[in-house]
Amino acid sequence: MERLDVTETFSGISLPGHLHTQESLSFAVTFPFRPTDVVIATYPKSGTTWMQEILTLLFSHGDVLPAKTIPNWERAPWLEQIYFREALQDVQDAAACRLLTTHLPARVLAPALQQSKAKVIYVARNPKDVAVSFYHFHRLAKFLPDPGSFDTFLTQFLEGTVHYGSWFDHVKGWLGQQQLLDIFYVTYEELHQDLRGTAQRLSAFLGCPLEPETLAALEQHCSFATMRDNAMANYSLIPIEIMDHSQGCFMRKGVVGDWRDHFSPWQNALFNRRYQEEMGDLELPVPWHG
Ligand code: A3P
């Protein structure tokens, strides 16, 4: 099957042109956010879909119907993807609290977000696991370049030449917004370790009550096994020309530390060195466990 990859460059980062046009990107950066909006911001493969599901359940007070009947890209539309533009148009007209999703870097969206007072939820993940997940995703996503070998892909990931650019810049950019935005930081690893506690903290941050029954429904519905089988969350509805599911599943493994099965000692040392150069002693406000 042929790849659809066309690369667009926007604000210094390369993006899949099949999904993004200059027009759709300009639309994203001038999006009229409202104070009641909730924006999920992530680097790819960091737990975006998981957070979309968690917030869907939180906002529905544990009613699983929306999560089981409406695709996630309609529940929490992407700001920058032309493919889901219709969903964004629909949500634009919604009166209630709107849930939006983006992979764009902070420098692009922060001005509009700061002005609007919208709430932001930033999900980060151990970058070694992000690299592994992103590599496998490239194999099934026909709108991304063929990743070649893992070693080749890892080099590009560390150089920041993959789509959406450098993981380091993305995380540092959004971390830098701590004093400027109403922002909630969480890690994929934290969701794994304590989904209950994180849902409670999210409920407090969003001012959205979380009854014990809601929490139970949320935990059950947002488990990896349930989401893997939910066509409204697992991207199986996306046409084969865009995601070739014979090459792997979007809901692939859902574990912490899969990098250990992929990295050679040499690749690990290289990664650690690069991490130190880029991040120094900068800590995320929430833990992750490699
Ligand atoms: P893996 O490829 O490591 O399995 P995103 O939504 O940002 O693209 O991230 C996708 C990654 O999150 C995939 O990681 C996917 O399996 C994982 N994921 C999605 N839902 C999950 C859940 N409920 N529990 C654990 N991992 C989940």
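A short reminder: the numbers here are calculations on the coordinates, not readings from a lab. Treat the numbers as computed from the prediction; the structure is a model and nothing was measured. Note: ideal-geometry Cβ built from the backbone for every residue, glycine included; neighbour counts use all protein chains shown.
Details
- Cut-off of 10 Å, at most 16 other beta carbons, DSSP loop: longest stretch of the chain lacking such GluC sites (Glu not before Pro): 3-240
- Per residue, the convex hull volume that the Cα atoms of segment 136-290 enclose (Å³): 145 Å³
- Inter-label distance, nm, simple model (7 Å from Cα along the C-beta direction), GLN276/VAL64: 4.8 nm
- The dipole here belongs to the chain: it is taken about the Cα centre, uses +1 on the Cβ of Lys and Arg and -1 on the Cβ of Asp and Glu, and is about 220 debye.
- Pairs of Lys residues in the chain are counted when their Cα atoms are under 19 angstrom apart and they lie 8 or more places apart or on different chains; the count is 7.
- Note on HIS245 and ALA216: with the Förster distance fixed at 35 Å, the Cβ-Cβ geometry gives a FRET efficiency of about 0.65.
- For the chain, built as a Gaussian network whose Cα springs stay under 10 Å, the top-fluctuating residue of CYS97, CYS249, CYS222: CYS97
- Expected-Rg normalisation [2.2 N^0.38 Å, Cα atoms] applied to the chain: 0.95
- Taken one residue at a time, the phi angles of segment 210-219 give Karplus couplings (6.51, -1.76, 1.60, θ = phi - 60°) of 10, 6, x, 5, 4, 4, 5, 5, 4, 4 Hz. Gly and Pro are set to x.
- Here the Karplus relation 6.51 cos²θ - 1.76 cosθ + 1.60, evaluated at θ = phi - 60°, turns the backbone of segment 101-112 into coupling constants of 10, 8, 10, 5, x, 4, 4, 7, 9, 4, x, 5 Hz, with x for every Gly and Pro.
- Of all the options THR56, THR102, THR30, the one that moves most in a Gaussian network model of the chain with Cα springs shorter than 10 angstrom is THR30.
- Exposure proxy ranking for VAL29, VAL123, based on other Cβ atoms within 10 angstrom of each Cβ and starting from the fewest, stands as VAL29, VAL123.
- Projecting the Cα positions of MET251, CYS222, GLN177 onto the charge dipole of the chain (unit charges on Cβ atoms of Lys, Arg, Asp and Glu, taken about the Cα centre) puts GLN177 furthest along the positive direction.
- Exposure proxy shown here: for LEU65, LEU99, the number of other Cβ atoms within 10 Å sets the order, fewest to most, as LEU65, LEU99.
- Top of GLY248, GLY280, GLY62 by mean-square fluctuation, Gaussian network on the chain, Cα under 10 Å: GLY280
- Only the Cβ atoms of Lys and Arg (+1) and of Asp and Glu (-1) were treated as charged; on that basis the dipole of segment 173-254 about its Cα centre amounts to roughly 140 debye.
- Using a simple spin-label model with pseudo-atoms 7 Å out from Cα toward Cβ, GLU74 and VAL29 lie 3.1 nm apart.
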